[in-house]
Amino acid sequence: MSQGLQPLTGLAKRLVNDGVFSTEVAQDAVAQAREANQPLIHYIISHRLVSAHRAATAASEEFGLPFFDLDSFGDDAIPQSLISEALITKHKTLPLMQRDNRIYIALADPTNIQALDEIKFHTGKTTEAVIVEEDKLSRRLEHFLDGADNAMDALEDADLDNIELGDDQPKTEDKESAEDAANETPIVRFINKVLMDAIKKGASDIHFEPYEKSYRVRCRIDGMLQEVHRPPLNLASRMTARLKVMSRMDISERRVPQDGRIKLKVSAKRAIDFRVNTLPTLWGEKIVLRILDPSSAKMGVEALGFEPDQKEAYLTTLEQPQGMILVTGPTGSGKTVSLYTGLNILNTEERNISTAEDPVEINLEGINQVHVNAKVGLTFAEALRSFLRQDPDVVMVGEIRDLETAEISIKAAQTGHMVLSTLHTNSAPETLTRLRNMGVPAFNIATSVSLIIAQRLGRRLCESCKEPVNLPEAALLEEGFTPNQIPDLQLYAANADGCSKCNRGYKGRVGVYEMMKMSPEIAECIMENGNSIDILRVAQQQGFRTLRQSGLLKVAAGVTSLEELNRVIKI
């Protein structure tokens, strides 16, 4: 035996004793499997040192476990909803059958004790291992998990006799029956498939919509709604029930809107939250899920799409000990991500950060987040008052909606705190006049606001299939390009057919920003009751770029198309 090699044990020793391969080959296989962090049985099969059948029978004999031929076992007997697909995928195991309080689990690797322990923990049932051939197990797992991928076909297939359609709407008094319908396996798999597909495609929202004669599912991808499924209308109530069960809503209440949340674990280290809202419509409950991916709040300032001078202005203002940063734009323009990115930069051990949000969309470790609830008196203003008694360094207000919230926010910014918030205005200059129209004195605006960011989100061109386009000089001038930009200008357009890497020629989104720092000249204009046009004129004299001008820079750089810019920002 070579020096440093361990004596053979277990399956390796059994295979050597059975004459399947030599001691040297076995020693090398054990060492290589350990180095690759793979089970020995998987290593020797994948490297064709032994057949899957021979390895399985040897493992059965060595570990004293029953051997089973999966080809002789039908799918009908498999307990479909007993073990989650996540556990099955993680451990490459398959539940074969259940008898009383005992589950028989198909394994290719008899040393995978962790799988049995986890399944026992999650189900509360005793587990018994059964050894099967690895190749047959892989094929059966693929077929079993493909059930979720083929769930749409399963729902539309006439073979669904096992689903009792019954009444389209579960009766209020028949809550238990509604929950049973919600937990039917084809429905569960279809809903899971829709959620997972939406995550993979980078969707921000999912819409489940009932109509008189049809039902559709749409996803908002890169800001645009797209139809992805048309399930059978007679299954609408079951899909609604399933989503309400997942969101912990009252399944029997269909007369009023409800709010809920779903937490979906997509891997060992990643979980996605869904904010769920139901709305009673003429033909049933419409359900919209907002996908809240925590990674979007931690993607870093580089990924936001700031121009270099805009990035410097944002970071410099964040470093100030006090003042107010306001982010403006319509719903869905990326304001929350911009704010969360700033909060993550400020989130250090030395700072006390509190936020008031409606609702709290993404949980941030190390930040005290408050979900405002006007019904019980916890408004933005009330939360702010409480923050100021809690020794804050940084305060974030989800939205300044009224004079009371504006006054407290400005007071906080003037008394040594950094305040971040949002308003719904179209541009940075309009934000200052909006505050004044609320009733905030001009002096307080001029002395508290440090930076205003107005933003929009546009779709990025796919780098793999974008196409160059040429436009006449007159058309370029009309779009807003300057004569100096035109000679070196190369524009691109989206490929309408797209490619395998994108969605109709676009992939992802990029922010378009205008950024206005408070200067003595702008402050003077505010004090003199200048309107938004006056403020814009003063700001442009200091190099301020409008949203349109910033967007044209993105077009000139080939990041987005002129067509997309015109969709997002009108001339």
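The values are calculated or read from the model by the stated rules, or taken from the named source; none is laboratory data. Please read all numbers here as calculations on a predicted model, not as lab measurements. Reconstructed Cβ throughout: ideal geometry from the backbone, glycine too, with neighbour counts over all protein chains shown. Heads up: the accessible areas ignore ligands, DNA and RNA and are worked out on the full protein's heavy atoms, side chains in. Shrake-Rupley method; radii C 1.70, N 1.55, O 1.52, S 1.80 Å.
Annotations
- Selection within segment 116-135 - surrounded by 20 or more Cβ atoms within 10 Å (Cβ to Cβ) and touching a His at 6+ places or on another chain (Cβ under 9 Å): I119, E133, E134
- Exactly one residue out of S267, S252 is modelled with pLDDT under 90 and either in contact with a His (Cβ under 7 Å, 6 or more places away or on another chain) or closer than 27 Å to K501 by Cβ (or both): that is S267.
- The single condition among (1) out of contact with any Leu (no Cβ under 7 Å at 6 or more places or on another chain); (2) open to solvent by 30 Å² or more (accessible area, probe 1.4 Å); (3) touching a residue at least 24 places away in the same chain (Cβ under 8 Å) that S550 does not satisfy is (2).
- Residues that are open to solvent by less than 80 Å² (accessible area, probe 1.4 Å) and of a type in the set (A, V, I, L, M, F, W, C) within segment 517-539 comprise M518, I522, A523, C525, I526, I535, L536, V538, A539, listed in sequence order.
- Of everything in segment 249-270 that is assigned to a loop (DSSP other than H, G, I, E, B) and charged (D, E, K, R), the residue that is nearest to V217 (Cα to Cα) is R254.
- Here E514 meets each of (1) among the acidic types (D, E); (2) open to solvent by less than 70 Å² (accessible area, probe 1.4 Å); (3) not assigned by the TED database to the domain that holds T336 with one exception, condition (3).
- Against the criterion of being outside any strand (DSSP E or B) and surrounded by 15 or more Cβ atoms within 10 Å (Cβ to Cβ), K286 does not qualify.
- Complete set of residues in segment 84-115 that are part of a helix (DSSP H, G or I), open to solvent by less than 60 Å² (accessible area, probe 1.4 Å) and among the small types (G, A, S): A115
- Residue that is least open to solvent (accessible area, probe 1.4 Å), among those in segment 457-469 that are modelled with pLDDT of 90 or more and more than 21 Å from F306 (Cα to Cα): C465
- Residue pairs meeting the criteria (Cβ under 8 Å; at least 6 apart or on separate chains; first in contact (Cβ under 8 Å) with a residue 40 or more places away in the chain, in segment 92-116; second open to solvent by 30 Å² or more (accessible area, probe 1.4 Å) and hydroxyl-bearing (S, T, Y)): K92/S138
- For segment 470-511, a residue qualifies if it is farther than 26 Å from Q226 by Cα, loosely packed, with under 13 Cβ neighbours inside 10 Å and acidic (D, E), and the qualifying residues are E473, E478, D488.
- Scan of segment 438-466 for residues that are touching a Gly at 6+ places or on another chain (Cβ under 8 Å) and not polar (S, T, N, Q), ordered by number: V449, L451, A454, R456, L457, G458, R459, R460, L461, C462, C465, K466
- Among all residues of segment 401-410, there is none that is open to solvent by 70 Å² or more (accessible area, probe 1.4 Å) and within 15 Å of N352 (Cα to Cα).
- Once segment 439-456 is narrowed to residues that are part of a loop (DSSP other than H, G, I, E, B) and of a type outside the set (A, V, I, L, M), the residue that is least open to solvent (accessible area, probe 1.4 Å) is G439.
- Qualifying positions in segment 19-71 - more than 39 Å from the chain's Cα centre (by Cα) and at positive phi: G19, R48, G64
- Residue in segment 419-437 that is free of Cβ contacts under 8 Å to residues at least 60 places away in the same chain and open to solvent by 10 Å² or more (accessible area, probe 1.4 Å) present: yes
- Cβ pairs under 8 Å, 6+ apart, first in segment 228-248 and farther than 17 Å from Q258 by Cα and outside any helix (DSSP H, G or I), second open to solvent by less than 20 Å² (accessible area, probe 1.4 Å) and among the β-branched types (V, I, T): V228/V194; V228/V217; H229/V194; H229/V217; R230/V217; P231/V217
- Just one of the listed residues (R261, R230) is closer than 23 Å to N373 by Cα and open to solvent by 50 Å² or more (accessible area, probe 1.4 Å), and it is R261.
- Residue within segment 264-273 that is more than 27 Å from L87 (Cα to Cα) and not assigned by the TED database to the domain that holds I88 present: no
- None of L339, L346 is open to solvent by less than 20 Å² (accessible area, probe 1.4 Å), within 25 Å of the chain's Cα centre (by Cα) and more than 24 Å from L435 (Cα to Cα) except L346.
- Pair list, Cβ < 7 Å and 6+ apart or interchain, from segment 10-29 residues that are without any contact (Cβ under 8 Å) to a residue 60 or more places away in the chain and surrounded by 16 or more Cβ atoms within 10 Å (Cβ to Cβ) to residues that are basic (K, R) and part of a helix (DSSP H, G or I): V20/R54
- The residues in segment 367-385 that are touching a strand residue (DSSP E or B) at 6+ places or on another chain (Cβ under 7 Å) and either open to solvent by less than 60 Å² (accessible area, probe 1.4 Å) or part of a helix (DSSP H, G or I) (or both) can be counted, and the count is 7.
- With respect to the stated conditions, A475 is on the phi < 0 side of the Ramachandran plot and part of a helix (DSSP H, G or I).
- Within segment 322-365, the set of residues being within 26 Å of A271 (Cα to Cα) and acidic (D, E) comprises E349, E357, D358, E361, E365.
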